[in-house]
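The values are calculated or read from the model by the stated rules, or taken from the named source; none is laboratory data. Everything quoted here is computed from the prediction, not taken from an experiment. Please note: Cβ atoms are built from the backbone with ideal geometry, for glycine as well, and neighbour counts cover all protein chains shown. Just the protein is used for accessible areas: all its heavy atoms, side chains included, with ligands, DNA and RNA removed. Shrake-Rupley method; radii C 1.70, N 1.55, O 1.52, S 1.80 Å.
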Amino acid sequence: MAVIGIDLGTTNSACGVLAEGEVTLIPNRLGEVLTPSVVGLDDSGKLVVGRTAKERLINHSDSTVAAFKRLMGTDHKVKLGRQLFSATELSALVLRSLKEDAEAYLGEEVTEAVISVPAYFNDNQRHATKLAGELAGLKVERLINEPTAAAIAYGLHEKREGNFLILDMGGGTFDVSILEFFDGVMEVHASAGDNFLGGEDFVEAMIDSVLREFELDRNTLTPRQLQNLYMQMETAKRRISQQSGQCLELELGSRKAEWQVTAEWFEKVSTPLMLRTKRPIERAMRDADLPPQKLDEVVLVGGSTRLALFRSMVGRMFGRLPSCHLDPDTVVAMGAAIQAGLKSRNAALDDIVLTDVCPYTLGTGIINQDSPEQGEYFLPIIERNTVVPISVVRRVWTAHENQTEVRVDVFQGENRLVKKNVYLGEMSVPVPKGPKGEEAVDIRYSYDMNGLLEVDVTVVSSGKTFNKLIEFTPGALSEEEKASSLEKLARLKFHPREDEQNRALIARGERLYESSLGEQRDYIAQLLGNFDRILEGQNPAEIKKARASLQEILDRFDGEDWI
Ligand code: AMP
């Protein structure tokens, strides 16, 4: 009996099967290999999945849900019609639809699957994915990490060994993973990313540029005009890598205008975004301690890596062309299918993750002065993909006159607006009455891999601290496990500025600053400023690296008797 491989994606899912050494992607009932990961109820209250549900997303948003993969492993429930569903149950509906399509295509019953998950998924999220499979009638003995699946699709597991960089840029996020393959085992060594960087940002940047050119504001366009503009720019973006010089007829408020989409314009508009993609790539390379020349392959995944500009930037960064001849939208499903084929011959590849990271951004709500009607803005405190355990503190000030209480809401998610993220809990702390902006609270989040979030709120003027524990899956941890987690987190609860090693290094830098002059003095000031910024980021791995490099430079200053 065939074992199928499934890519259960945030936006789209796909599945495939390995037969006689070849992967076949299985078309769904509409003949398409991509099935949108969207679930809804139709007018008669019947469940619909895939494209049919996606078509209803805009006009029937109350009875349609998408992007629920972001909620996997939480006990958050989503309302669909009159019923509440967990992300696991919604995923099960997508999986069941894929299973049925596979059975129709293969002409036999399918009872087993290998499903892919992001490398940064924790135990809860992995467990939830397996459970979704079981609810759909699929035995899931193995999951596969998405970057590993991409590497397998490119046949990299057939090499003897190697280091691979997998870049995955979809519609809204960018994920970077470094894999090391050795002795038949694929290890995920580093993962980094940007949760607010994907294909949609390029379209937004194009729209902003057009509106700036005509000195127009978004709200001078009707919703239909804005929607059209979005579609026109999306299409132009998809064509730009093949065709420069597209002429578009735009309807902007009361005026009509022509717009030339040239490669030069697109390059100018997308340069800031391209530069942002470099950061997580560099961070992952640093985290894995890997010089670029030790990299054996760069693999591109996700629709947005089709951009020629992105490909050439990656090419320039690494001095070689990335592997991109497979379809970036289905490469993960292909790899999962190969692993499924290997599994049915008891030859599945071992695939392990060596980094523990926080899978989603954790933050709080803050007053939105730009457009209060949209509700509060989200202030990220622990960023997604941060290596855990981690403890980060952010300061916020009172926003109203004579405020006597500060409410700290705890949210998880990636949206700029708080209301679009997942609510996890809240606490209120009393503050002394006074003019707005006078009182402040330090909000500290401490998080570890067991899914335990500790929130400490300290009123700055009184030094009083209030504390709350948030369990992502209540009951999942025993009392002893909880106590040991909390003890571990307690050790992290100081600002890295207070760390003895960091203080000593800064003091040494300051001594050198005082005793130097001119350019050297500026240089040292710049080094200390940089180090300070990294300390402010409160990311232990980055601080460690920055400390080592600052130490090395200061050693050189001291040793070479420059001063
Ligand atoms: P995914 O989440 O992987 O389905 O990625 C979808 C993203 O890929 C969307 O933002 C698309 O605009 C983008 N995309 C698809 N095809 C192209 C293309 N030819 N050039 C640039 N971006 C593309």
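Side notes on the structure shown:
- Selection within segment 320-379 - modelled with pLDDT under 90 and of a type in the set (Gly, Ala, Ser): Ser371, Gly375
- Selection status of Leu47, over 15 Å from Ala153 (Cα atoms) and either within 14 Å of the ligand (Cβ to nearest atom) or free of Cβ contacts under 8 Å to residues at least 24 places away in the same chain (or both): no
- Count - residues of segment 137-169 that are within 15 Å of the ligand (Cβ to nearest atom), within 20 Å of Gly5 (Cα to Cα) and either outside any helix (DSSP H, G or I) or out of contact with any helix residue (DSSP H, G or I) (no Cβ under 6 Å at 6 or more places or on another chain) (or both): 3
- Residue in segment 205-213 that is open to solvent by 80 Å² or more (accessible area, probe 1.4 Å), in a loop (DSSP other than H, G, I, E, B) and among the acidic types (Asp, Glu) present: no
- Candidates in segment 22-44 are the residues that are buried (at least 24 other Cβ atoms within 10 Å of the Cβ) and assigned to a strand (DSSP E or B); of these, the one that is farthest from the ligand (Cβ to nearest atom) is Gly40.
To keep it simple, each residue is scored yes or no on (1) closer than 25 Å to Asp370 by Cβ; (2) open to solvent by 70 Å² or more (accessible area, probe 1.4 Å); (3) touching a residue at least 40 places away in the same chain (Cβ under 8 Å).
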{"residue": "Glu215", "(1), (2), (3)": "yes, yes, no"}
{"residue": "Thr222", "(1), (2), (3)": "yes, no, no"}
{"residue": "Met231", "(1), (2), (3)": "no, yes, no"}
{"residue": "Gly245", "(1), (2), (3)": "no, no, no"}
{"residue": "Leu248", "(1), (2), (3)": "no, no, no"}
{"residue": "Gly253", "(1), (2), (3)": "yes, no, no"}
{"residue": "Lys256", "(1), (2), (3)": "no, yes, no"}
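- Top-ranked residue in segment 329-354 [being in contact with a helix residue (DSSP H, G or I) (Cβ under 7 Å, 6 or more places away or on another chain) and either among the small types (Gly, Ala, Ser) or open to solvent by 20 Å² or more (accessible area, probe 1.4 Å) (or both); ranked as farthest from Val299 (Cα to Cα)]: Ala348
- Among the criteria (1) modelled with pLDDT under 95; (2) surrounded by 13 or more Cβ atoms within 10 Å (Cβ to Cβ), the one Thr235 does not fulfil is (1).
- Among the strands (runs of 3 or more DSSP E) confined to segment 298-404, the ones with at least 2 residues that are outside the structural domain of Leu71 (by TED's automatic domain parsing) are located at 362-366, 377-382, 390-397.
- Where strands (runs of 3 or more DSSP E) fall wholly inside segment 68-117, the ranges with 2 or more residues that are in the same structural domain as Ala348 (by TED's automatic domain parsing) and under 27 Å from Thr24 (Cα atoms) are 112-117.
- Evaluating Arg547 against the criteria (1) surrounded by 18 or more Cβ atoms within 10 Å (Cβ to Cβ); (2) closer than 19 Å to Glu383 by Cα leaves one unmet condition, (2).
- Looking only at segment 498-520, residues that are in a helix (DSSP H, G or I) and crowded, with 16+ Cβ neighbours inside 10 Å come to 7 in all.
- Where a residue in segment 4-21 is assigned to a loop (DSSP other than H, G, I, E, B) and its partner, wherever it lies, is of a type in the set (S, T, N, Q), with Cβ under 6 Å and at least six apart: Gly9/Ser37
- Output for segment 285-306, where each listed residue is within 16 Å of the ligand (Cβ to nearest atom) and either surrounded by fewer than 22 Cβ atoms within 10 Å (Cβ to Cβ) or closer than 13 Å to Val331 by Cβ (or both): Val299, Leu300, Val301, Gly302, Gly303, Thr305, Arg306
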